[in-house]
1. Cut-off is 10 Å between beta-carbons; in what order do A:125, A:37, A:25 appear when sorted fewest neighbours first?
2. If R₀ is 41 angstrom, what is the calculated FRET efficiency for the pair residue B:294 and residue B:350, using the beta carbon separation as r and rounding to 0.05?
3. I'd like the distance separating the alpha-carbon centroids of region A:1-47 and region A:141-177, in whole Å.
4. Just want the ordering: B:87, A:30, A:146, from fewest to most Cβ atoms lying within 10 Å of their own Cβ.
5. In whole Å, what three semi-axes, largest first, describe the equivalent ellipsoid of chain A built from its Cα gyration tensor (square root of 5 times each eigenvalue)?
6. Taking only the alpha-carbon atoms of region A:155-196, what semi-axes of the equivalent ellipsoid follow from 5 times the gyration tensor eigenvalues under a square root, in whole Å, largest first?
7. Regarding region B:160-253, what are the three Cα extents along the principal axes, ordered largest first, in Å?
8. Which residue fluctuates the most in chain B, going by a Gaussian network model with Cα springs under 10 Å, if the choices are B:192, B:328, B:43?
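Just so it is clear, none of the values below were taken in a lab; they were calculated from the coordinates. Please read all numbers here as calculations on a predicted model, not as lab measurements. Neighbour counts are summed over all protein chains in view; Cβ atoms, including those assigned to glycine, are modelled from backbone coordinates with ideal geometry.
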């Protein structure tokens, strides 16, 4: 649920990066924060949560135009994966307008990816949303590690594991080098705005 | 409530995190007052253009006070717009405060206060007995599932003493494992998705008398495992590994029986252990494993209320440190005592380990689940002993 801020004539949208621990959610956000520094308003908030970090910052994307005469302001979040951080997860996931699911390409993380996706599904269900309804984009991260001879899953296998039912756009990425990071966010933003307009029954 | 408030409500409905976000995105300046009805305590948060500048409650002030108020899950809030002129004691940004506070709340650092002003106590005991641990397993491998069955809440899946050798894996829902005792039905543990129902004994020996009752706590979906396949896999294992698995299964039975005897207030071990030196000290760093060739071994945990006997082990049983499987006993969390006539032989743990790693995913999960059940049941046994004391 996006918030209309009448005073600043802005629409605040929330995009959440979800995925198993150490899959590169925070690396994604850090890359965006660095490369789009000019569009970022305010500091990046980083909270050390056990086994993971929770990040947050505000971001004014360029070139998306106005919606109902309002600028679009993005709030980007990561979610701590640990079960016990339920309050944080609730705050972040509640009213998420778009979600990027970051999957780890390492072969050994196969099960972790599937569990995390299932977890996302359950979480959204408890906030009366659904992975099938919310604008969602997949990212298969750490593709660069193949060059170092580390066993990765093929994209076809990851598609089968994670995306065979969802059938959402998926991107190969390497958050460390920044490859695919921008594309993922752009697609997620596109889908988010589209769904917002549909929700508000706005004509283009 | 003051009449000049422009925005007020119940924290039950709109939590402090949400209120702060709303006022924040609105860029409001003023005083946010929090109040818990049955407590005289109130709190104030001073907002300057949407960001908290200072806060106070009771003896606390600044960030500390602000964090404390995140624990107020009940109570009322009201916002009075005002041109607040105060020092920026709180330097952190709004979202940073919210995210940090929620993390502290989840970590249990912030005290939770509900609407009645009561601080939240530990979760209540189930049936006044003990809190029942819930065990979940990893993702289910559908390869071994031949059929699915549904059970309604309250329905019995197996009954202690009855015959049957099916093994299920929980796909959805929660199942309670109970022991029938002289004092009635005693809940031991609960198992959730990925966990197994049914004992390894039915694979090992074809033994088909159920050792406990299992009941669906909520509507439950179970997958029936291909027991022929499990038996075939078991048949291909080395004799040593088979013996090791059989011993694990016996250990779970032993621990479960100890829970029952603790419940029935029987059996005391203090006397025995106070006169003896342990073979393996609790908490010691030994890294060997043994098999018993003669005599008896006692697995004893030093709990708060004294020593608790967790299992008696006999000929053919294994004990010691298993680096690949944690059953929550010796050497880290239990001591080992031996009978006078005890004789043992050393076991090559690395051989067991490599065989363990070659098991099929389902069998592997089954054994890990068994180990998790031993760990959880042991803590139940100790918890009961603590409760009933040394009668």
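1. Details: A:125 11, A:37 8, A:25 29.
Ascending Cβ contact count within 10 Å gives the list A:37, A:125, A:25.
2. Numbers: r = 25 Å, r/R0 = 0.61.
That gives a FRET efficiency of 0.95.
3. 23 Å
4. Working: B:87 9, A:30 21, A:146 13.
Least to most surrounded, the residues fall as B:87, A:146, A:30.
5. On the way: eigenvalues 142, 66, 59 Å².
Largest first, chain A gives 27, 18, 17 Å.
6. Working: eigenvalues 72, 62, 5 Å².
Result for region A:155-196: semi-axes of 19, 18, 5 Å.
7. Its Cα atoms span 39, 31, 20 Å along the three principal axes.
8. Of the options given, B:43 has the highest mean-square fluctuation.
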